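Nothing in this text is a laboratory measurement; each read-out follows from the coordinates by a stated rule. Just so it is clear, the structure is predicted and the values come from calculations on it, not from any experiment. When we count neighbours, we look across all protein chains shown, and the Cβ atoms used for this are built from the backbone with ideal geometry, even at glycine.
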Amino acid sequence: MKKAILILLAVAFLAPAAFARDVDAFVGVQWLEANLANAAVVVIDVRKIDDYKAGHIPGAVSVLGLYMAKDGLSNEVPAADDLSDILADAGISAKSTVVVVEADGARFAWATRVAWTLAYAGLTNVTILDGGYAEWTKAGKAVTTGMESRTATDFKVKFVDSYLATKDYLVKNIKKAQIVDTRTYDTYFGVTKQAFVEQFGHIPGATALPAAWITVNGLVRPKAELEDLVKALKLNPKKDTIIHCDSGVLATGWWWILSQQLGWTKVSSYDGSAQEISREPGVKFVKAVWK
Amino acid sequence: MGFVVSRDVLESDPHFHLNCVDCHKGDPSKPAQADAHKGLVTRPSDDPVATCGQCHEETAKTYTLSLHYTASGMQHGVSGRFDAAGKKLFDTKVFERSCRSCHASCGDCHVQSPIVSGVNSGFLDGHRFVRKDETKTCALCHGGRVWPEFTGDYGGTPDVHYRKGMTCATCHKEIQFHGDGTAYTGRKDVAVKPACADCHDTATVAKDTTKETHAVHARKASCSACHTVSAYRQCSSCHLGSGATSSPALVLGENPRKPGQLTTLRLIPTVRDTFKPAGISMPNYDSLPNLWDTVPHSIAKRTDRTRDCNVCHQEYKYYLDADHLPKDGSTRNLELVP
């Protein structure tokens, strides 16, 4: 009996944040409007500053600089102290429910990149406004102009290491883990590539699951459809899963779906992605094959 | 058929107490377009005093002396490389016909976006006159450098000031856009310009160690030497006539305008035969360096240099290196190697 209790406690402590969230992985305009007055809800607008100033959701604060170029890689997480400052200045605390607002559905992956960063920084209740600011204005909801701010907090990030895959982790687990490639079929197959990626094709054994499949008409597909897509590719929810793309943005789209919406517990996003791993001499990409 | 100016604009903008012909001339009494457009002035504010100056007299008069209007920096920045004959040729053949086409009229910032490389992105807000719209005006002319470095779009991180909602006019006040009534030869001579110390008093920062660090480096390094966070654009062959190339780099070296100060340097793309197609040689090419002090708008509180003294004091990371100076560049470049 004692052993069973210990096991249950261990499971409870090790369970990832996905199970502990108090808000869905995505929220709609109606939910956001109904919760705007809730002091625990912090709406962060991650569009360009001039777009934010020209019009934003009342109460939303502008937050930029959540991804940055570093060490030859296009999109990296800021240092812990810098990230802590950015989030604390935005009025975010560990208990906040943070709503990420990007421009529209076309910027979905940038919204998930921000949301993933916040989750990686240790925040549990992070959600994304489905369809972004475009959906808010389309619904004719109130907007305001200029800059807004919230009282700063003393928030300090506490990285959830299991959410981020490093190059070394990928190399070590390249044959054991389930690797998901979220780039386009053309890129995966080796027909084309980004200039900053050194090899055509994909990591041997990686499964193609394009990020473009997540949304339709600017909105996230229904959960059941997303589940069907994943099931059809025979991806195993219980297996250690490493998701990547070209530079660490698109990958977070499927990371968000699998980890935060579908509840997979062993998913990490590799933010160095193909940009970094394609430079690794020991990793030879394969072309013109589907696995 | 649509009209250039909508009724809404006509009714809401006090500038339309005037008629179109008051600024654009032409002859409204003629029904045929060709006749009506005879004598049409498409860019009335190219002559600020004659148009805008009718009401904004002081500003227009001052503006005609400003660097935005005269583009004088482009003229004088390179003039030290010519002999007297070459300078005369440059002033008439190159500057007036090419560089000066960049001068900004009042309308370029207050009515429509400026024309850059022949491309005009149109009116700022119908034909309404706007006080400022930095992202459509400043950002176009200063869009190769500065603006994308400021927003983080040049592959870096957004400047801390941009992140906090500041844009050009937050620091650069009206006097810098319109001028102060003095005809300067270049930016370096302008009397009033923004300085970090206008807002940041390093003597009153919170931590003693930070105070001490700033005190120790104050005379030896510019603010940007330590607080520039991202690599910025270095242009290497823009004026060669065979297309432009540029690459990002953060370069630290001696300030050519302030001996003894380490600062951020930017490669300015004048090469030995830049003006050869115009028949102008530069016998004094070596009198000026190819790298100049710059303030990249890519500022952060913490950088690798503020985090770790060894980045500069042991590794000399980013330091200009004699082996990597531009090939066949000015001999003066060597003086900038720290």
Which of B:His127, B:His161 has the fewest other C-beta atoms within 10 Å, and how do the rest follow up to the most?
B:His161, B:His127
Could you list, in their original order, any pairs among A:Lys156/B:Lys207; B:Lys211/B:Lys258; A:Lys53/B:Lys173; B:Lys164/B:Lys317; A:Lys266/B:Lys301 whose Cα atoms are separated by more than 25 Å?
B:Lys164/B:Lys317; A:Lys266/B:Lys301
Residues whose built amide H sits under 5 Å from the amide H of A:Val41, excluding neighbours closer than 5 in sequence, are A:Thr97
Sorted by chain and then number, the residues having a modelled amide H within less than 5 Å of the amide H of A:Glu76, at least 5 places away or on another chain, are A:Met68, A:Ala69, A:Lys70
Convex hull volume per residue for the protein assembly as shown, taking Cα atoms only, in Å³:
223
Return the distance in nm (one decimal) between the two label points of a simple spin-label model at B:Lys88 and B:Cys199, each offset 7 Å from Cα along Cα→Cβ.
4.9
How big is the antiparallel share of DSSP beta bridges in the protein assembly as shown, given as a percent to the nearest 5?
45
Along the Cα-to-Cβ line of B:His161, 7 Å from the Cα, sits a label point; which residues in the stretch B:185-202 have backbone N less than 13 Å from it?
B:193-200
Over the Cα atoms of the stretch B:198-338, each weighted equally, I'd like the Debye log10 I(q)/I(0) at q = 0.09 Å⁻¹, rounded to two decimals.
-0.32
Give a residue-ordered list of calculated ³J(HN,Hα) values for the stretch A:177-189 (Karplus: 6.51 cos²θ - 1.76 cosθ + 1.60, θ = phi - 60°; whole Hz; x for Gly, Pro).
7, 8, 9, 10, 9, 9, 7, 5, 4, 4, 6, 4, 6
Please list, by residue number, every one of the trypsin sites (Lys or Arg not before Pro) in the stretch A:177-252 that is coil in DSSP and has at most 13 other beta-carbon atoms within 10 Å.
A:Lys234, A:Lys238, A:Lys239
Once you place label points 7 Å from the Cα toward the Cβ at B:Val216 and A:Thr192, how far apart are they in nm?
5.2
Along the stretch B:143-150, what does the Karplus equation 6.51 cos²θ - 1.76 cosθ + 1.60 (θ = phi - 60°) give for ³J(HN,Hα), rounded to whole Hz, x for Gly and Pro?
x, x, 10, 6, 4, x, 6, 5
May I ask you to derive the FRET efficiency for A:Lys234 and A:Ala40 from their Cβ-Cβ distance with R0 = 35 Å, giving the value to the nearest 0.05?
0.30
In degrees, nearest 10, range 0 to 90: what is the angle between the Cα axis of helix A:2-14 and the longest Cα principal axis of chain A?
70
How large is the convex hull of the C-alpha atoms of the stretch A:160-291 per residue, in Å³?
102
Using only DSSP helix segments of four residues or longer, with each worth -39500 (n - 2.57), what per-residue ellipticity at 222 nm results for the protein assembly as shown after dividing by its residue count and rounding to 500?
-6500 deg cm²/dmol
J(HN,Hα) series, the stretch B:34-40, from Karplus relation 6.51 cos²θ - 1.76 cosθ + 1.60, nearest Hz, glycine and proline x:
4, 6, 5, 8, 5, x, 4
Would you please state which residues of the stretch B:247-269 a label at B:Ser287 would reach in this model, taking the label point 7 Å out along Cα→Cβ and a backbone N cut-off of under 18 Å?
B:256-257
Averaged over all viewing directions, the convex hull of the alpha carbons in the stretch B:129-268 casts a projected area in nm² of 11.0
Cross-link table B:Lys93/B:Lys276; A:Lys238/A:Lys284; A:Lys193/A:Lys291, entries beyond 21 Å C-alpha to C-alpha:
A:Lys238/A:Lys284
Can you list which of the trypsin sites (Lys or Arg not before Pro) found in the stretch B:283-338 are DSSP loop residues with at most 15 other C-beta atoms within 10 Å?
B:Lys301, B:Lys317, B:Lys327
Taking Cα atoms, the helix A:108-120 axis meets the longest principal axis of chain A at an angle in degrees (rounded to 10) of 90
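Using a Förster radius of 45 Å, what is the FRET efficiency between A:Asp168 and B:His172 based on their Cβ-Cβ separation? Nearest 0.05, please.
Here the calculated transfer efficiency is 0.45.
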